[in-house]
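Peer 1: Starting off with a structure, shown below.
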Amino acid sequence: MAGTKFAYVRNFELPDPLLPDTYLVCRLDGHSFHRFSEEHEFAKPNDERALKLMDHAAKNVMIEFKDIMLAFGESDEFSFLFRKTTNLYNRRQAKILTTLTSYFTSCYVLGWPEYFPETPLRYPPSFDGRIVMYPTDRAIRDYFSWRQADTHINNLYNTVFWALIQKGGQTTTEAHATLRGTVSSTKHEMLYSRFGINYNEISDRFKKGSVIVREISSERPAAFGPSTSIQPPPQFTNDKASQVLDPPRPKRSKAKKKVKLETTIEVLHCDIIGDEFWLTRPHLLENQS
Ligand code: DGT
Ligand code: MG
Ligand code: MG
Ligand code: MG
Ligand code: MG
């Protein structure tokens, strides 16, 4: 349509580039999931089906968007970490955010019957999204620590809150009042002494959230023929979640053989606040120091 007298309107479309060389974190959150969870009778405080459906959608997003290294999910939200050097859609903010958000939503809806076979979807769920740029590895570590600490705080509160209601016969107002001003150790004690629940024995899925990580399963020089390359284990060969990825920095000189990394996508429920998770996966961050 270029060249028509109407084409000038294109000039009103402004570029929206994300800064180069910054980590991108895209966080999606279910829109009005307070209502959505009620209407679809999610179990309280945690509905395992709903959480697994979120993991399913997030895993599919990572299969589709190969520059996402890590995702963390809790409740109705998921955060996705893109490589610092990603050039996805030339780092156009709206393009990345809208495509990722709608893809996640489609996967959620398409996966619904598998996770909720008894519960028809009553209306279309939607998710909001934002992208935040972070300059440093420390900020990324702190971001994911912030989300996992939030998971822990909310889960402890919700576990006691619903025990007081479901097992203790309190109203929601009474349960809130019972918990007002209590510290973590009091909540643990209350759960154990009143309801015989040992918080430490609650599923890690609920306590730690979902950590979906691109793991390196093997490394092979891409320029070598098939006879010398390391073949992935047979179980990975037909796995949609497995792929080949260019490694992050350090950039290799052209003279050297390009190394390809075989990766798989794993769903874990582990600690990501401490050092171990990150130290054993140096490929997640690109310039750890
Ligand atoms: P928003 O995000 O501002 O549009 O509003 P909401 O209602 O989505 O609020 P948000 O995101 O702060 O809180 C998530 C809601 O989703 C919260 O009301 C509880 C609900 N929810 C999430 N996961 C579960 C679950 O596993 N079981 C139940 N019963 N509810 C859940
Ligand atoms: Mg929200
Ligand atoms: Mg929400
Ligand atoms: Mg939320
Ligand atoms: Mg188009």
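Peer 1: Looking at Met69, Met54, which is the one that is of a type in the set (A, V, I, L, M), over 19 Å from Phe127 (Cβ atoms) and under 16 Å from the mean Cα position of the chain (by Cα)?
Peer 2: Testing whether each residue is of a type in the set (A, V, I, L, M), over 19 Å from Phe127 (Cβ atoms) and under 16 Å from the mean Cα position of the chain (by Cα) leaves just Met69.
Peer 1: Sort out which residues of segment 74-120 are touching a helix residue (DSSP H, G or I) at 6+ places or on another chain (Cβ under 7 Å) and free of Cβ contacts under 8 Å to residues at least 12 places away in the same chain, and write them in order of number.
Peer 2: Hits for segment 74-120 are Tyr89, Lys95.
Peer 1: Counting just the residues of segment 30-55 that are touching a strand residue (DSSP E or B) at 6+ places or on another chain (Cβ under 9 Å) and within 19 Å of Lys208 (Cβ to Cβ), which one comes out farthest from ligand 2 (Cβ to nearest atom)?
Peer 2: Going through the qualifying residues, I end up with Lys52.
Peer 1: Residues to consider are Ser218, Ser184; find the one that is open to solvent by 50 Å² or more (accessible area, probe 1.4 Å) and either within 30 Å of Asp55 (Cα to Cα) or at pLDDT 90 or above (or both).
Peer 2: Among Ser218, Ser184, only Ser184 is open to solvent by 50 Å² or more (accessible area, probe 1.4 Å) and either within 30 Å of Asp55 (Cα to Cα) or at pLDDT 90 or above (or both).
Condition check ((1) open to solvent by less than 60 Å² (accessible area, probe 1.4 Å); (2) in contact with a Leu (Cβ under 9 Å, 6 or more places away or on another chain); (3) in a helix (DSSP H, G or I)) across all residues:
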| site | (1), (2), (3) |
| --- | --- |
| Gly111 | yes, yes, yes |
| Pro120 | no, no, no |
| Pro125 | yes, no, no |
| Gly129 | yes, yes, no |
| Ile140 | yes, yes, yes |
| Thr151 | yes, no, yes |
| Thr159 | yes, yes, yes |
| Gly169 | no, no, no |
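Peer 1: Name the pairs whose Cβ atoms lie under 9 Å apart, with the first residue in segment 14-34 and within 15 Å of Leu97 (Cβ to Cβ) and at pLDDT 95 or above, the second more than 16 Å from ligand 1 (Cβ to nearest atom) and open to solvent by 100 Å² or more (accessible area, probe 1.4 Å), and 6 or more positions between them or separate chains?
Peer 2: From segment 14-34, the pairs are Pro15/Arg92; Asp16/Arg92; Pro17/Asn90; Pro17/Arg92; Leu18/Arg92.
The values are calculated or read from the model by the stated rules, or taken from the named source; none is laboratory data. Predicted model, so just to flag it, every value in this text is computed and none were measured. With ideal geometry, Cβ positions are generated from the backbone for all residues, glycine too; neighbour counts draw on all protein chains shown. Just the protein is used for accessible areas: all its heavy atoms, side chains included, with ligands, DNA and RNA removed. Shrake-Rupley method; radii C 1.70, N 1.55, O 1.52, S 1.80 Å.
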